[in-house]
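The values are calculated or read from the model by the stated rules, or taken from the named source; none is laboratory data. Given the structure is predicted, the values throughout are model-derived calculations rather than measurements. Quick reminder, even Gly has a Cβ in these numbers, built from the backbone with ideal geometry, and neighbours come from all protein chains shown.
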Amino acid sequence: MHHYLSAADLDRPAAEGLLRRAQALKAAWQSGGHRRDAHGALPLQGQTLALVFEKPSLRTRVAFEAGMTQLGGHGSYLSANDIDMGGRESVPDVARNLSRWVQAIAARVFKHGTVETLARHASIPVINALSDREHPCQALADMLTLLEHRGTLAGLRLAYLGDGNNVCHSLLLLGATLGVHVGVACPPDYRPDPDILAHAERLAAAHGAMITVSSSPAEVVQGADAIYTDVWASMGQEHEAARRRPVFQPYQVNQGLLALARPDALVMHCLPAHRGEEITADVIDGPQSVVFDQAENRLHVQKALILTLLRKDEV
Ligand code: CP
Ligand code: NVA
């Protein structure tokens, strides 16, 4: 693996290995920090991750920056105001320049093609920190959270409600790879991308999982181990928010819907959340919610990902 642009870039052994590594890093961090080498150096001493972000971020940015710091390295944040990728400078030139100074790039972009162009022209690993097509770092944290709360992944039933968006796409691909049954309930005009769906179905067939897509929330939530939702209008779609609200209202995660799932079903959301829209406050702030475990796990999986891409096998 040279880059991590899609959740499908990880096969089953690689995904399982990454989750194990994240668990080990989490345990090490919680019991006093990471091991230093014979010279007292942390694993990423002197190394820099460039964070090229065209959109806002709390979790992704801080998890990458804090993760680099904890491993002895540094994160360098570059917003659209700083570099205006594609405007002030072409995407290939940004990739070529960064490759001369830093060891990896995490990019949050509007068009998925931009992370692909960066990867094509960079001589260092490129990580998709969210594009219009996927959010693969989020899916890793979500799988780690499910694993921690349920002890296993294969055979679990994950119900995703709402927009068939970037978060949904990465959950479909990584879930299928790890043997998780993923059911998606969405309005007919907001189904996941057909190519991603077909890819997820192939992965699911190979790993003993089932993918279902329905317009009925009740059907998908029935007996689910976890219910997941995301905002109805993603970053860049704010102008559609008012039009989307009535279309998505039947897919709101509320107490009535939660009652149809297993009594101990986990409630998941990638955050930021709009309480009262895609999820009610009592549910996201209730006892079944694991949303801040998901947020915390961004740190641990992203550290595991950077170490893996930088071939730091000893940590
Ligand atoms: N979940 C997530 O990616 O959050 P941010 O947009 O704050 O990074
Ligand atoms: N689907 C959302 C996820 C935010 C983390 C968006 O793209 O805005």
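Restricting attention to segment 125-133, does a residue exist that is in a helix (DSSP H, G or I), within 16 Å of ligand 1 (Cβ to nearest atom), within 29 Å of ARG245 (Cα to Cα) and among the hydrophobic types (A, V, I, L, M, F, W, C)?
There is no residue in segment 125-133 that is in a helix (DSSP H, G or I), within 16 Å of ligand 1 (Cβ to nearest atom), within 29 Å of ARG245 (Cα to Cα) and among the hydrophobic types (A, V, I, L, M, F, W, C).
What number of residues within segment 74-92 satisfy the criterion of being away from ligand 1 (no atom under 16 Å from the Cβ) and in contact with a helix residue (DSSP H, G or I) (Cβ under 8 Å, 6 or more places away or on another chain)?
Looking only at that region, the number is 7.
Results for (1) more than 16 Å from ligand 2 (Cβ to nearest atom); (2) touching a Ser or Thr at 6+ places or on another chain (Cβ under 9 Å); (3) aliphatic (A, V, I, L, M); (4) not in a helix (DSSP H, G or I), shown as yes or no for each residue.
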site: ALA233; (1), (2), (3), (4): no, no, yes, yes
site: GLY236; (1), (2), (3), (4): no, no, no, yes
site: GLU240; (1), (2), (3), (4): no, no, no, no
site: LEU260; (1), (2), (3), (4): yes, no, yes, yes
site: VAL267; (1), (2), (3), (4): yes, yes, yes, yes
site: PHE292; (1), (2), (3), (4): no, no, no, no
site: ARG298; (1), (2), (3), (4): no, yes, no, no
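I want to confirm something. Restricting to segment 25-41 and keeping residues that are touching a residue at least 40 places away in the same chain (Cβ under 8 Å) and out of contact with any His (no Cβ under 6 Å at 6 or more places or on another chain), which single residue is surrounded by the fewest Cβ atoms within 10 Å (Cβ to Cβ)?
Across segment 25-41, the extreme among qualifying residues is ARG35.
Within segment 22-64, which residues are over 18 Å from VAL109 (Cβ atoms) and either outside any loop (DSSP other than H, G, I, E, B) or within 16 Å of ligand 1 (Cβ to nearest atom) (or both)?
ALA22, GLN23, ALA24, LEU25, LYS26, ALA27, ALA28, TRP29, GLN30, THR48, VAL62 - these are the residues of segment 22-64 that are over 18 Å from VAL109 (Cβ atoms) and either outside any loop (DSSP other than H, G, I, E, B) or within 16 Å of ligand 1 (Cβ to nearest atom) (or both).
With the condition kept exactly as written, say whether any residue in segment 112-119 is closer than 30 Å to ASP225 by Cα, within 16 Å of ligand 2 (Cβ to nearest atom) and surrounded by 24 or more Cβ atoms within 10 Å (Cβ to Cβ).
no
Out of everything in segment 1-60 that is within 30 Å of GLY87 (Cβ to Cβ) and charged (D, E, K, R), what residue ends up being farthest from the chain's Cα centre (by Cα)?
Filtering first and then ranking leaves GLU54.
Given the conditions (1) buried (at least 23 other Cβ atoms within 10 Å of the Cβ); (2) over 16 Å from ALA15 (Cα atoms); (3) under 18 Å from the mean Cα position of the chain (by Cα), and given that VAL220 satisfies all but one, which numbered condition is not satisfied?
Status for VAL220: all satisfied but (3).
Do the conditions hold for GLN255, that is, is it over 22 Å from ASN166 (Cα atoms), surrounded by fewer than 16 Cβ atoms within 10 Å (Cβ to Cβ) and either modelled with pLDDT of 95 or more or away from ligand 2 (no atom under 16 Å from the Cβ) (or both)?
Answer is yes for this residue.
May I ask you to list the residues in segment 168-226 that are of a type outside the set (S, T, N, Q), part of a helix (DSSP H, G or I) and in contact with an Asp or Glu (Cβ under 6 Å, 6 or more places away or on another chain)?
Of everything in segment 168-226, those that are of a type outside the set (S, T, N, Q), part of a helix (DSSP H, G or I) and in contact with an Asp or Glu (Cβ under 6 Å, 6 or more places away or on another chain) turn out to be HIS169, TYR190.
Any residue that is out of contact with any strand residue (DSSP E or B) (no Cβ under 6 Å at 6 or more places or on another chain), surrounded by fewer than 21 Cβ atoms within 10 Å (Cβ to Cβ) and charged (D, E, K, R) - is there at least one of those in segment 159-171?
There is no residue in segment 159-171 that is out of contact with any strand residue (DSSP E or B) (no Cβ under 6 Å at 6 or more places or on another chain), surrounded by fewer than 21 Cβ atoms within 10 Å (Cβ to Cβ) and charged (D, E, K, R).
If you take the residues in segment 269-282 that are touching a residue at least 12 places away in the same chain (Cβ under 8 Å) and assigned to a strand (DSSP E or B), which one is farthest from ligand 2 (Cβ to nearest atom)?
Taking the candidates together, the pick is ILE279.
Is at least one residue of segment 199-212 within 16 Å of ligand 2 (Cβ to nearest atom), touching a helix residue (DSSP H, G or I) at 6+ places or on another chain (Cβ under 6 Å) and under 25 Å from LYS55 (Cβ atoms)?
No - not one qualifying residue is present in segment 199-212.
Each row is one residue, and each column tells you yes or no for (1) modelled with pLDDT under 95; (2) hydroxyl-bearing (Ser, Thr, Tyr); (3) touching a Leu at 6+ places or on another chain (Cβ under 9 Å).
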{"position": "ASP142", "(1), (2), (3)": "no, no, yes"}
{"position": "GLY164", "(1), (2), (3)": "no, no, yes"}
{"position": "SER170", "(1), (2), (3)": "no, yes, yes"}
{"position": "ALA176", "(1), (2), (3)": "no, no, yes"}
{"position": "ASP189", "(1), (2), (3)": "no, no, no"}
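Over 25 Å from PRO272 (Cβ atoms), in contact with a Gly (Cβ under 9 Å, 6 or more places away or on another chain) and crowded, with 19+ Cβ neighbours inside 10 Å - does that describe any residue in segment 180-188?
Yes, the conditions are met somewhere in segment 180-188.
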